[in-house]
Amino acid sequence: MSKTSPGQQNGTASSWKALPDQDLSGRWEDSERKRKHLPDRQEEPAAKSEKAGPRGQHWLHRDLRVRFVDGQHKGGQYYNTKMTIEDVLSPDTCVCRTDEGRILEGIKEGMLETLVPKVEGNRVMVVLGPQAGRVGHLLGRDTERSRALVQLRRENQLVELHYDAVCQYVGPRDSDED
């Protein structure tokens, strides 16, 4: 169940249908990737290669809040743990810091997934598509369709994106946002 106020339950999601589809919509509609990960999941290596392979565009960026989804790394010690990307070493490799302050080096893009904030108004970064690198605010989430409504501040533009194309941003405020 989502935790929304009574006034937000239907208004945001239904108003999204009136927005014109963005370029990314067709790319993501066939995506069946689950957002909840169970520890006993057997097909995880295949899912990771699917995630990084076909899109060709890498999404790692400093100051993104992500979820660690590799159940095999270090015996699953960090599985399903939220962390922050501290540094990007190559397009598909980064250094992460856990909430407890532990530093993890050599983390591959396929070991992580984007995190979409639960609280509307939180800052997010678009990580895939033509607006990649832009920072904005989360206006709403459609969990049934795995879509997020984001207002990009600089362009004053509303975009509807798949959860994989947007990620919580915890970095400094910059000119892209103001």
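Using C-alpha pairs under 8 Å with a sequence gap of at least 6, the mean separation divided by the residue count of region 51-170 gives a relative contact order of 23 percent.
Ordering S146, S90 by the number of other Cβ atoms within 10 Å of each residue's own Cβ, fewest first, gives S90, S146.
Annotation for region 115-178: GluC sites (Glu not before Pro) lying in DSSP loop with at most 12 further Cβ atoms inside 10 Å of their Cβ are E144, E155. For region 116-178, the normalised intensity computed at q = 0.25 Å⁻¹ comes to -1.03 (log10 of I(q)/I(0), Debye sum over alpha carbons, equal scatterers, no solvent).
We did not get these values from a lab; they are worked out from the coordinates using the rules stated. Everything numeric in this text was worked out from a predicted model, so none of it was measured. So basically every Cβ, Gly included, is an ideal-geometry build from the backbone, and we count neighbours across all protein chains shown.
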